[in-house]
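J.: Dumping the structure here so I can ask a few things about it.
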Amino acid sequence: MAEIKKSEVYTSKEVENLLKISASTLKRLIKQGRIRGNKIGGNYRFLGQELLRMFAPSANEKTEKLNVNG
């Protein structure tokens, strides 16, 4: 399995491959607000940090707190 890098920017196709989901599932996740992406030139781009947030939101919150407090 490929590693999702926090600071990397991914295309829709790369996200589909990484998460092993279809294009329609990705569109549904975006529409539901479960994953955030930015539309650039008509195509979505996703931050690795956002993909990781989907799987471990509490771990991401802990990291953010450490960065603010540390």
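The values are calculated or read from the model by the stated rules, or taken from the named source; none is laboratory data. Just so you know, these numbers come straight off a predicted model, no measurement behind them. With ideal geometry, Cβ positions are generated from the backbone for all residues, glycine too; neighbour counts draw on all protein chains shown. Ligands, DNA and RNA are excluded from the accessible area calculation, which covers all protein heavy atoms including side chains. Shrake-Rupley method; radii C 1.70, N 1.55, O 1.52, S 1.80 Å.
J.: So, in region 31-40, of the ones that are closer than 15 Å to residue 52 by Cα and open to solvent by 30 Å² or more (accessible area, probe 1.4 Å), which residue ends up nearest to the chain's Cα centre (by Cα)?
T.: Restricting to residues being closer than 15 Å to residue 52 by Cα and open to solvent by 30 Å² or more (accessible area, probe 1.4 Å), the top hit is 36.
J.: Looking only at region 41-70, filter to residues that are charged (D, E, K, R) and open to solvent by 40 Å² or more (accessible area, probe 1.4 Å); which one of those is modelled with the highest pLDDT?
T.: Among those that are charged (D, E, K, R) and open to solvent by 40 Å² or more (accessible area, probe 1.4 Å), it is 45.
J.: So which pairs qualify, if the first residue must be in region 6-20 and more than 14 Å from residue 52 (Cβ to Cβ), the second must be surrounded by 14 or more Cβ atoms within 10 Å (Cβ to Cβ) and of a type in the set (Phe, Trp, Tyr), the Cβ gap must be under 6 Å, and the two must be at least 6 apart or on different chains?
T.: What qualifies is 12/44.
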